[in-house]
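Below is one structure; the comments refer to it alone.
What follows draws every value from the coordinates through simple rules; no lab data is involved. As the structure is a prediction and not an experimental result, all values here were calculated from the model. Don't worry about glycine lacking a Cβ; one is built from the backbone with ideal geometry, like all the others, and counts go over all protein chains shown.
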Amino acid sequence: MLIFVRHGECEANAAGVLVGRSNSSLTEFGRWQAAAIGRSLVRTRGADTKPVRLLTSPLERAVETAQVIASVLRAASDAAVEPEVDDRLIELDYGRLEGTVIHRSPVDTPSWVLDPTVPLPGGEPLAAVAERVATLCRELSSTAGAGDVVLVTHVSPAKAAVAWALGCDVTASWRMSLGLASVTRIDPKLDRPLLVSFNETWHVMDAPDTEAERGIT
């Protein structure tokens, strides 16, 4: 199984701004989310499956998430894996949109939303993300047969993986909602990839209610 994990909350997420290639560290709540992901992976693996590899984007928020997950898995003793950086899991380059306030425009749809080959202003096209993620998924298909491969990444690569599994155009990404610290599972072992689950967030549903409990004071 290919298990795509979106990183936990980082400082930029908490501020409500777009963060692509910039580094932004996890908040304390984000570290709590990462630990919850690790615990969920221990709880949900089958008797004959366990993580055999843990890949991560090179960006700080993903690496930190992967390190926390690795620590939780290590505590399970029989599921010890160390994070491996794979540049293909890096986030979409938002270009001049980097650091801007997130909002949904009610007016004209940008050309880069309609056409995946059109780059974001000063950034990269969504098609580039789709190509590198699809290549990685195909490469990992044989490894996933021996156990789960956990991939800690960002919203755009995770959505691109879903588009790959479904065999649809990557522009479908703009119609998907993928939460922080979410888990998406893809079975690549069949004749065609199978999307097993999308945007799992049950493991973070019991999040602490107050900032003090979340460690953000």
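Applying the criteria of a DSSP loop state and at most 13 other Cβ atoms within 10 Å to the trypsin sites (Lys or Arg not before Pro) of segment 156-190 yields K189.
Straightening the chain between A207 and E131 buys 23.8 nm, computed as 0.36 nm per residue apart minus the Cα-Cα spacing.
Helical content alone sets the calculated 222 nm signal of the chain at -10500 deg cm²/dmol, taking -39,500 (n - 2.57) per DSSP H segment of four or more residues and averaging over every residue. For the chain, the relative contact order comes to 29 percent (Cα pairs under 8 Å, sequence separation of at least 6). When each of the peptides 30-42, 111-123 is scored by how many other beta carbons lie within 10 Å of its residues on average, the order from highest to lowest is 30-42, 111-123. Take the Cα of S71, go 7 Å toward its beta carbon, and the backbone nitrogen atoms of segment 1-32 under 11 Å from that spot belong to 31-32. Look at M205, M1, M176 and count the other Cβ atoms within 10 Å of each Cβ; fewest to most, that gives M205, M176, M1.
Among V52, V19, V152, sorting on how many other beta-carbon atoms sit within 10 Å of each Cβ, with the fewest leading, yields V52, V19, V152.
Comparing Cα centroids, segment 1-47 and segment 135-198 end up 16 angstrom apart. Ranking S25, T44, L55 by how far each Cα lies toward the positive end of the dipole of segment 14-72 (charges on Cβ) leaves T44 at the top. Residues of segment 55-69 falling in the label zone of V85, defined by backbone nitrogen less than 17 Å from a point 7 Å along Cα to beta-carbon, are 55-68. Here each label is just a point 7 Å from Cα along the line to Cβ, and for T117 and T143 those points are 3.1 nm apart.
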